[in-house]
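What follows is one structure encoded as structure tokens, with my remarks underneath.
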Amino acid sequence: MPELPEVETIRRGLAPVMEGARIKQVEARRGDLRWPLTEDFVKRIEGHSVSGLGRRAKYLLADLSSGDVLLMHLGMSGSFRVLNGGESPPGNDHHDRSKLAAHDHIVFHMSNGAVITFNDPRRFGMMKLVAREKLDDEPLLRMLGPEPLGNAFDAAMLARTCRGKKTSLKAALSDQRIVAGLGNIYVCEALHRARLSPRRRASTIATRAGAPNDHAVRVVESIRLVLNDAIKAGGSSLRDHRQTNGELGMFQHNFRVYDRAGERCVTPGCKGTVRRIVQTGRSTFFCPVCQK
């Protein structure tokens, strides 16, 4: 499933063609994605301008001139593709168009000539219209923790949240209520950079009083670094993620531990070998030598 860097990469690709433009036409080629679209879905979008395109955790939010916000999630395999004016579709070095077309479910025709297509082979993605004044009460967003690249996320906040928690540090950082937007890939990568074991208790990054210790500081710094590095690389393309121009993300070539089980640890001076274990039903990759 796309994580924060992949969603942010897509947001940055969509913003130049969506923000300030009017949605002239919407093609809803099917009536459902993960959940059914409302009967008035197209009517509430067509003819309205996009005043801003934001991101909250793994969600995209298009602020419409109607007063609605279009809430979008990529699910497991969703992607957006942008064509401008007379551009030809990407070639085979990007996508196999014959296979793509069957999964082009929602198409936005913008007033600036851009055509934005949402493609989702597995249909775990979603789109939902929410009145702007009700956005704070939206169940999909209400329980989300702070943004890991925002000012509210720091060592003190993380330590307070993890104080007394008996769950693993990996599970805590993957909990969207604690910090929003992180998933399996970037938690593994951040913990390796912080040299902390994913199996250690979450409570060990805080004192008994809930103050941050050095572990909390290292975790926060590592999360910020790995997310920023991944965004610069266009995200990670393992199976489905593509940038809006059809190109692959490149951060998968910089993985230190994720999907590298059996390979030598890249930490300078470390003689460990990357291991794979299963935590809460998900694969965890780490070095048992330098991650303590």
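The values are calculated or read from the model by the stated rules, or taken from the named source; none is laboratory data. Just so it is clear, the model here is predicted, and its values are computed rather than measured. Neighbour counts are summed over all protein chains in view; Cβ atoms, including those assigned to glycine, are modelled from backbone coordinates with ideal geometry.
Odds and ends about this structure:
- Number of the exception - Ala152 against (1) assigned to a loop (DSSP other than H, G, I, E, B); (2) closer than 16 Å to Gly210 by Cβ; (3) of a type in the set (A, V, I, L, M, F, W, C): (2)
- Filter pass, Ala190 being within 30 Å of Asp120 (Cβ to Cβ), free of Cβ contacts under 8 Å to residues at least 40 places away in the same chain, part of a helix (DSSP H, G or I) and small (Gly, Ala, Ser): yes
- Within the stretch 219-249, being of a type outside the set (D, E, K, R) and not in a loop (DSSP other than H, G, I, E, B) holds for Val219, Val220, Ser222, Ile223, Leu225, Val226, Leu227, Asn228, Ala230, Ile231.
- Residues in the stretch 250-263 that are without any contact (Cβ under 8 Å) to a residue 40 or more places away in the chain and either touching a Gly at 6+ places or on another chain (Cβ under 8 Å) or in a loop (DSSP other than H, G, I, E, B) (or both): Met250, Asp259, Arg260, Ala261, Gly262, Glu263.
Matching residues to (1) of a type outside the set (S, T, N, Q); (2) in the same structural domain as Thr9 (by TED's automatic domain parsing); (3) closer than 14 Å to Arg195 by Cα; (4) surrounded by 14 or more Cβ atoms within 10 Å (Cβ to Cβ):
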residue	(1), (2), (3), (4)
Val257	yes, no, yes, yes
Val266	yes, no, yes, yes
Arg276	yes, no, no, yes
Thr280	no, no, no, no
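- The stretch 124-137, subset surrounded by 17 or more Cβ atoms within 10 Å (Cβ to Cβ) and in contact with a Lys or Arg (Cβ under 8 Å, 6 or more places away or on another chain), residue nearest to Phe41 (Cα to Cα): Leu129
- Qualifying residue in the stretch 174-196 (condition: among the aromatic types (Phe, Trp, Tyr) and out of contact with any helix residue (DSSP H, G or I) (no Cβ under 6 Å at 6 or more places or on another chain)): no
- Any hit, the stretch 155-163, residues being touching a residue at least 40 places away in the same chain (Cβ under 8 Å), under 18 Å from Val69 (Cβ atoms) and either assigned by TED's automatic domain parsing to the domain that holds Val82 or not in a helix (DSSP H, G or I) (or both): no
- Test: residue in the stretch 240-250 that is closer than 30 Å to Arg81 by Cβ, modelled with pLDDT of 95 or more and either crowded, with 20+ Cβ neighbours inside 10 Å or over 25 Å from the mean Cα position of the chain (by Cα) (or both): no
- Test set (1) within 30 Å of Leu14 (Cβ to Cβ); (2) buried (at least 23 other Cβ atoms within 10 Å of the Cβ) - Asn228 fails condition number: (2)
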